[in-house]
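Engineer: Dumping the structure here so I can ask a few things about it.
Just so it is clear, none of the values below were taken in a lab; they were calculated from the coordinates. Fair warning: this is a prediction, and the values are worked out from it, not measured in the lab. Quick reminder, even Gly has a Cβ in these numbers, built from the backbone with ideal geometry, and neighbours come from all protein chains shown.
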Amino acid sequence: MKTLNDFNFKDKKALIRVDFNVPLDADFNVTDATRIQAAKPTIIKILEDGGSCILMSHLGRPKGVQEEFSLKHIVNKVEDIIGVETQFVSDCVGPEAEKAASNLEPGKILILENLRFYDEETKGDTAFAEKLAKLGDIYVNDAFGTAHRAHASTTIIAQFFPEKKCFGHLLEQEIKSIDKVMKTGEKPVLAVLGGAKVSSKITIIENILDKVDHLIIGGGMTFTFIKAQGGSVGDSICEDDKMDLALDILKQAKAKNVQIHLPVDVLAANAFSNDADTQVVDVTKIPDGWQGLDAGPKSKAIFHDVVMKCKTILWNGPLGVFEMESFANGTIELGNSIAEATKNGAFSLVGGGDSVAAVKQFGFENKVSYVSTGGGAMLESLEGKTLPGIAAILE
Ligand code: AMP
């Protein structure tokens, strides 16, 4: 696996795919610079070697050239965060981009205009990738958020740098964190899967049964498993057509010696509303007109004990409807347990879909070992897929 440390960038132009798809407010100010911060170690290493950085990214989903999606809006923010003069060129390929790239001096940064102003980017067009490739000497992929896409700048471009391509620090960390859970994790290994639906997590569950010792299933998924086993779930979210699948998962888990922990009680509400009446009920005896929206106290205690005895923990998906304060507590307490286990030496990885939002909202970001920067890319990794952006560097 080739990383930044395999290269000396002195007098080299590094062409870096970053994920600067950051949120902007109505005045085009960056409202969350996490992704720019995340790329900093890679950029700094290259500049310190004596090289220069040509940064390419997409921003939003423009249809052709649309001013509001221009990466010029983020140039000042990048300059602030990296602390180095940062230039911008209003195209990502062609004569203007080539001129800016060739004039770029060591120690400086150049940001190219939004890659997705060209349809060829998402189509994975080879000729477009070749034009991009002309701009740099070494290709660095540091964009985990788009590593599951076979786009021109994330995957196709790598073929033009047969010996001169590598992962940036961020992508390297993402790969190592996933491997720590899926391949080399210290036992016991635990996965906590929450969220809304079994159907969206099924491939992950099936893949993960071969890797873990314990599996906590929470959130809306719970009720498909409970109903499948004969419980009454009232008006809780439930996928009746996935009940056979749920039973099959329980069977597979048994055969593979994986202990599955489902909630035993839930906080049920008489409406899907923060102000609804609530009661704690047995998860198998939810009355009609009531729906389980969060883990109950006994479940939280059981989950705490499981978390505390595990040495490797993966967390994907909230344990309840965390967006509503009344039903956020199960997710918060789970976060507290994982933070405590991490403090005691466990490795914890949070990622995929909504989990990162929950972790940030409740301030667990710095209390777990690693928070993944990729939603879809993380989910596909957990499903056991090889991401095209990663494969292209390894080839
Ligand atoms: P996912 O993107 O699959 O991780 O699902 C996240 C969503 O699951 C969040 O928006 C939660 O509100 C939702 N969720 C979690 N628990 C429940 C539940 N018991 N009933 C309905 N939705 C839930």
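Engineer: Give the calculated FRET efficiency between T184 and Q229 to the nearest 0.05, with a Förster radius of 45 Å applied to their Cβ-Cβ distance. Display every interim value, and only then the final one.
Structural biologist: On the way: r = 34 Å, r/R0 = 0.76.
The formula returns an efficiency of 0.85 here.
Engineer: Rounded to the nearest 20 debye, what is the charge dipole size of the chain about its Cα centre when +1 sits on each Lys and Arg Cβ and -1 on each Asp and Glu Cβ? Could you put the intermediate results ahead of the total?
Structural biologist: Details: 42 positive and 55 negative charges, 246 e Å.
Charge dipole, the chain, about its Cα centre: 1180 debye, nearest 20.
Engineer: Provide, for q = 0.15 Å⁻¹, the log10 of I(q)/I(0) from a solvent-free Debye sum over equal Cα point scatterers in segment 33-180.
Structural biologist: -0.75
Engineer: Also, quick follow-up: Write out the trypsin sites (Lys or Arg not before Pro) in segment 12-79 meeting two conditions: DSSP loop, and at most 14 other Cβ atoms within 10 Å of their Cβ. Don't skip to the end; give the middle numbers.
Structural biologist: Working: sites: K12, K13, R17, R35, K45, K63, K72, K77; in loops: K12, K63.
Counting only loop positions with at most 14 other Cβ atoms within 10 Å, the trypsin sites (Lys or Arg not before Pro) in segment 12-79 are K63.
Engineer: Counting only helical runs of four or more DSSP H residues, what would the 222 nm mean residue ellipticity of the chain come to if each run contributes -39,500 (n - 2.57) and the total is spread over all its residues? Kindly include the intermediate steps, with their values, before the conclusion.
Structural biologist: On the way: 14 runs with 141 residues, N = 395.
Roughly -10500 deg cm²/dmol at 222 nm, from the helical runs in the chain.
Engineer: So, one more: Out of all Cα-Cα pairs in segment 256-395, roughly what percent, to the nearest whole number, are more than 22 Å apart? Each step should come with its number before you reach the end.
Structural biologist: Values: 4474 of 9730 pairs.
Every Cα pair in segment 256-395 considered, those over 22 Å come to 46 percent.
Engineer: Now for a different question. Test of understanding: what is the full-extension gain from M308 to E85, defined as 0.36 nm times their sequence separation minus their Cα-Cα distance?
Structural biologist: On the way: separation 223, 0.36 × 223 = 80.28 nm, distance 4.71 nm.
Length gained between M308 and E85: 75.6 nm.
Engineer: Sticking with this one: Mean-square fluctuation check for the chain, GNM, Cα pairs under 10 Å: which of D244, D265, D19 is largest?
Structural biologist: For the chain, modelled as a Gaussian network with Cα springs under 10 Å, the answer is D244.
Engineer: A further question on this structure: For segment 137-192, just the Cα atoms, rotate onto the principal axes and tell me the three extents in Å, largest first.
Structural biologist: Ordered largest first, segment 137-192 gives principal extents of 44, 20, 15 Å.
Engineer: Could you give the distance between the Cα centres of segment 355-395 and segment 1-52, to the whole Å?
Structural biologist: Distance between centres, Cα-based: 18 Å.
Engineer: Restricting attention to segment 128-228, which trypsin sites (Lys or Arg not before Pro) occupy a DSSP loop and are surrounded by at most 12 other Cβ atoms within 10 Å? Don't skip to the end; give the middle numbers.
Structural biologist: On the way: sites: K131, K134, R149, K164, K165, K176, K180, K183, K197, K201, K211, K227; in loops: K134, R149, K164, K183, K197, K211.
Qualifying residues, ordered by number: K183.
Engineer: If you fit an axis through the alpha-carbon atoms of helix 297-309 and take the longest principal axis of the Cα set of the chain, what angle between them do you get, 0 to 90°, nearest 10?
Structural biologist: For helix 297-309, the angle is close to 50 degrees.
Engineer: How about segment 142-204: which GluC sites (Glu not before Pro) there lie in a loop by DSSP and see at most 12 other Cβ atoms within 10 Å? Could you put the intermediate results ahead of the total?
Structural biologist: Values: sites: E163, E172, E174, E186; in loops: E163, E186.
Answer in residue order: E163, E186.
Engineer: Calculate, axis by axis, the spread of Cα positions in segment 342-395 along the three principal axes, and write the results as whole Å, longest axis first.
Structural biologist: Here the spans come out as 37, 24, 17 Å, largest first.
Engineer: Just to be sure I understand: if I project the alpha-carbon convex hull of the chain onto a plane and average over all orientations, what area do I get in nm²? It would help to have the intermediate numbers written out before the result.
Structural biologist: Numbers: hull surface 79.9 nm².
If I average the Cα hull's projected area over directions, I get 20.0 nm².
Engineer: Report the gain in length on full extension from N5 to K176: 0.36 nm times residue separation, minus Cα-Cα distance, nm rounded to one decimal.
Structural biologist: Details: separation 171, 0.36 × 171 = 61.56 nm, distance 1.51 nm.
Difference between extended and current length: 60.0 nm.
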